[in-house]
Amino acid sequence: MIGYLAQAEGAPCPTLVLPTSTPLDDGPALRAALTAARDWLTRTGRTHIMKIAFVAPSRHPLADLEFRFVQCLPGDGFDTEGNCGHSLACATLVAGNQGLTPLTPGEPVRVHVTNNDAHVVCETDRGPHHETEMSLHFVHTPAPLLDSLLPTGNPVDELTAGPRTLRASLVTAGNPYVFVDARDLDLPDRPALFTAGESALGELRALRAAAAELLGHPPTGAFPKIAAIGAYGPGPLAVRALSVPAWHPTLALTGAVCLGVAVTLPGTLPARLAPHHEPAGRHARRIELQSPGGTRTVTVTTTDTPAGPALTRTSVHGKRARILTGPLPIPTALHETPKEADLCLPPRT
């Protein structure tokens, strides 16, 4: 098994990308590959890498690549339920580098995410052979009604964590997310939100576990994700999110997508708190989001249907990814020890 370590700008850690000639379905072969990959990460001192991505030519007629994301959990567990935009960008770059698909400016790459049957179109500014900048367009097909993206049917729910009960908006657009008002966590301004420590982190973890139970997810899993948002005067909506297992340095691409959608849903906390967002066309809105790592623009596109507005596309622009090292031979059985376990060769041009 050959792997590459790649990093997307703003991601909490690199991704171990494992390109394969044929996709791995969820089953014994996938579990064996994951066990071997995580054992290799441990033995080579890379336990901080908590993201693994498989990429292969797609079996889907409307896609070029098939992508499967795996979130490593503290301990030895894995979560395969959701998507990760940062890892998807890394996997697309590696796939193009290895000739699984063309990676050329002006030629979009269509990616089928097998975790949740999502479809993402990547447009690239190729740059060096080991680095690129992408725009990722999450295509929602068939277009879901906006109201259907509220998994409880409510724009605002109440979650109890310890002695306090807080308001929260639960939204599922790709990945499920929980959004809470930062002021309810006693974070009165941007500096307080962006520098919050263990106290706020612990409360958000407890709220996330309560939301997981409400939605039927395992409380020790990676989903739903959670983020605190704040409206602090003029400027973008402030946001600070959790990753696994700590604060996210920026905001997950899927988090930016879900928060952008939440802003368009009447009655949710993000919609109430967000400043007026700029029209980008009759049915498109550009939404500015600010995290500790900088500002990100999300474009949310909807369409009118007889049953109400429906979501067709969400886009995040200007995401940079680069290959750090590879190819790296990874033993597929625990007793194997490659002679060049830390082989670092330049990616194929």
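Some points to look at:
- Neighbour net charge for Gly216 - beta-carbon separation under 15 angstrom, K R +1, D E -1: -3
- The chain: angle of helix 253-263 to the longest principal axis, Cα-based, in degrees nearest 10: 20 degrees
- Remark: accessible surface ordering of Asp189, Asp157, Asp184, Asp26 (largest first) is Asp26, Asp189, Asp184, Asp157, probe radius 1.4 Å.
- Student exercise, segment 115-167 dipole from Lys, Arg, Asp, Glu Cβ charges, in Debye to nearest 20: 240 debye
- Each Lys and Arg adds +1 at its Cβ and each Asp and Glu adds -1 at its Cβ; summed about the Cα centre, the chain shows a dipole of about 360 debye.
- Positive-end extreme of charge dipole, segment 148-287 - chosen from Ala222, Leu237, Gly197 (charges on Cβ): Leu237
- Simple spin-label estimate for Thr47 and Asn154 gives 4.0 nm between the two label positions (7 Å along the Cα-to-Cβ direction from each Cα).
- With Cα atoms, 0 to 90° folded angle of helix 28-43 axis to the chain main axis: 90 degrees
- Accessible area of Ile287 in the full protein assembly, 1.4 Å probe (Å², nearest 10): 10 Å²
- Taking a ≥ b ≥ c as the square roots of the eigenvalues of the Cα gyration tensor, segment 156-278 is rounded, since a/c falls below 1.5.
- Per-residue 3J(HN,Hα) values for segment 285-300, derived from phi via the Karplus relation 6.51 cos²θ - 1.76 cosθ + 1.60 with θ = phi - 60°, read 10, 9, 10, 9, 10, 10, 10, x, x, x, 9, 10, 9, 10, 10, 10 Hz in sequence order (x marks Gly and Pro).
- Electrostatic bookkeeping for Val55 treats Lys and Arg as +1 and Asp and Glu as -1; over the other residues with beta carbon under 10 Å from its beta carbon, the sum is 0.
- The structure-derived value of P(r) over Cα pairs in 10 Å bins from 0, in percent appears in the list (i) 5, 26, 34, 24, 10, 1, 0; (ii) 6, 28, 36, 23, 6, 1, 0; (iii) 5, 20, 21, 15, 12, 10, 8, 7, 2, 0 under the label (i).
- Global form of segment 34-158, assessed from the alpha-carbon gyration tensor, a/c cut-off 1.5: oblate
- Nearest-20 debye value, segment 1-134 charge dipole, Cβ charges on Lys, Arg, Asp, Glu: 400 debye
- Nearest 10 degrees, 0 to 90: helix 85-97 Cα axis against the chain principal axis: 30 degrees
- Helical mean residue ellipticity (222 nm; -39500 (n - 2.57) per DSSP H run of 4+; nearest 500) of the chain: -6000 deg cm²/dmol
The values are calculated or read from the model by the stated rules, or taken from the named source; none is laboratory data. Here the structure is a predicted model, which is why all the values come from computation and not from measurement. Using ideal geometry, Cβ is built from the backbone for each residue, glycine included, and neighbour counts are taken over all protein chains shown. What goes into the accessible areas is simple: the full protein's heavy atoms, side chains included, and nothing from ligands, DNA or RNA. Shrake-Rupley method; radii C 1.70, N 1.55, O 1.52, S 1.80 Å.
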